[in-house]
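Taking it in order: structure first as structure tokens, then the write-up.
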């Protein structure tokens with residue numbers, strides 16, 4: 001298998017070693033583009049919570065460790081991936097090269113978690129949706145030339161952080177989520193998906209705990225809270 005898409009993230013407090021890490025990535029991977037992303041500081045923990053799929057409160061150890069300033073996202077191909085079975089991701093082949101390099105870069109930055117990397121192609125695709133709002137195909141179409149050394153700066157929160165401008169914007173993004181479709185009427189928006197957790201995180205849905213509708217959520221669309229119902233595909 002050739003040309004496996006790969007991402008690396010160097011959080012703010014790891015950027016002291018950015019030049020060294022980027023040079024090593026450049027020696028091993030075919031970089032498509034490098035981004036400097038700056039989320040609003042007061043939304044950083046909420047964005048991390050969505051990215052990692054677990055509650056990360058403001059001011060916690062993880063946020064302090066990462067830093068809340070601009071971080072670097074590297075997108076590229078591993079031309080010679082080494083696919084292995086990783087117990088952390090059962091049923092999915094992981095890239096041993098990326099896992100090794102993630103560990104190496106974490107050692108360089110002090111042994112913590114100042115570098116993030118996608119372990120497999122599914123994680124890479126999900127990370128790109130969260131950080132850039134783009135699918136793998138969109139990335140490949142837009143950044144198909146070798147990296148020219150220039151970094152693209154993006155100053156905005158994670159996609160969907162402030163809700164959705166209108167139904168059209170929501171629908172357009174739903175089309176990017178694997179195996180997910182949307183239907184709606186005047187009262188209820190129905191999302192048919194194979195992965196409730198991923199879909200709710202990507203769309204920034206808020207759980208509504210009701211006795212009879214366990215799969216009921218809400219989302220801010222056009223400035224109003226709308227009811228969302230998730231159904232199994």
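The values are calculated or read from the model by the stated rules, or taken from the named source; none is laboratory data. Note that this is a predicted model, so its numbers are computed, not measured. Using ideal geometry, Cβ is built from the backbone for each residue, glycine included, and neighbour counts are taken over all protein chains shown.
Looking at 2, 47, 27, which one is assigned to a helix (DSSP H, G or I) and surrounded by fewer than 20 Cβ atoms within 10 Å (Cβ to Cβ)? It would help to see each step written out before you state the result.
On the way: 2 fails: assigned to a helix (DSSP H, G or I); 47 fails: surrounded by fewer than 20 Cβ atoms within 10 Å (Cβ to Cβ).
Being assigned to a helix (DSSP H, G or I) and surrounded by fewer than 20 Cβ atoms within 10 Å (Cβ to Cβ) holds for just one of 2, 47, 27, which is 27.
The set of residues in the stretch 128-160 being touching a helix residue (DSSP H, G or I) at 6+ places or on another chain (Cβ under 6 Å), assigned to a loop (DSSP other than H, G, I, E, B) and closer than 15 Å to residue 201 by Cβ consists of 157, 158. Here the stretch 71-103 is the region considered, the condition is being assigned to a helix (DSSP H, G or I) and out of contact with any helix residue (DSSP H, G or I) (no Cβ under 8 Å at 6 or more places or on another chain), and the residue that is nearest to residue 32 (Cα to Cα) is 98. Hey, any hits in the stretch 160-171 for a residue that's within 28 Å of residue 34 (Cβ to Cβ), under 15 Å from the mean Cα position of the chain (by Cα) and buried (at least 16 other Cβ atoms within 10 Å of the Cβ)? Checked against the condition, which is being within 28 Å of residue 34 (Cβ to Cβ), under 15 Å from the mean Cα position of the chain (by Cα) and buried (at least 16 other Cβ atoms within 10 Å of the Cβ), the stretch 160-171 yields at least one hit. Of everything listed in (1) exposed (fewer than 14 other Cβ atoms within 10 Å of the Cβ); (2) under 28 Å from residue 9 (Cβ atoms); (3) in contact with a strand residue (DSSP E or B) (Cβ under 7 Å, 6 or more places away or on another chain), the single unmet condition for residue 203 is (1).
Check whether at least one residue in the stretch 41-56 is assigned by TED's automatic domain parsing to the domain that holds residue 123, closer than 23 Å to residue 156 by Cα and more than 16 Å from the chain's Cα centre (by Cα), and report yes or no. Give the steps one after another, and end with the answer.
Of the stretch 41-56, the ones assigned by TED's automatic domain parsing to the domain that holds residue 123 are 41-56.
Next, only the ones that are closer than 23 Å to residue 156 by Cα stay: 41-56.
Of the ones still in play, those that are also more than 16 Å from the chain's Cα centre (by Cα) are 41-42.
Yes, the conditions are met somewhere in the stretch 41-56.
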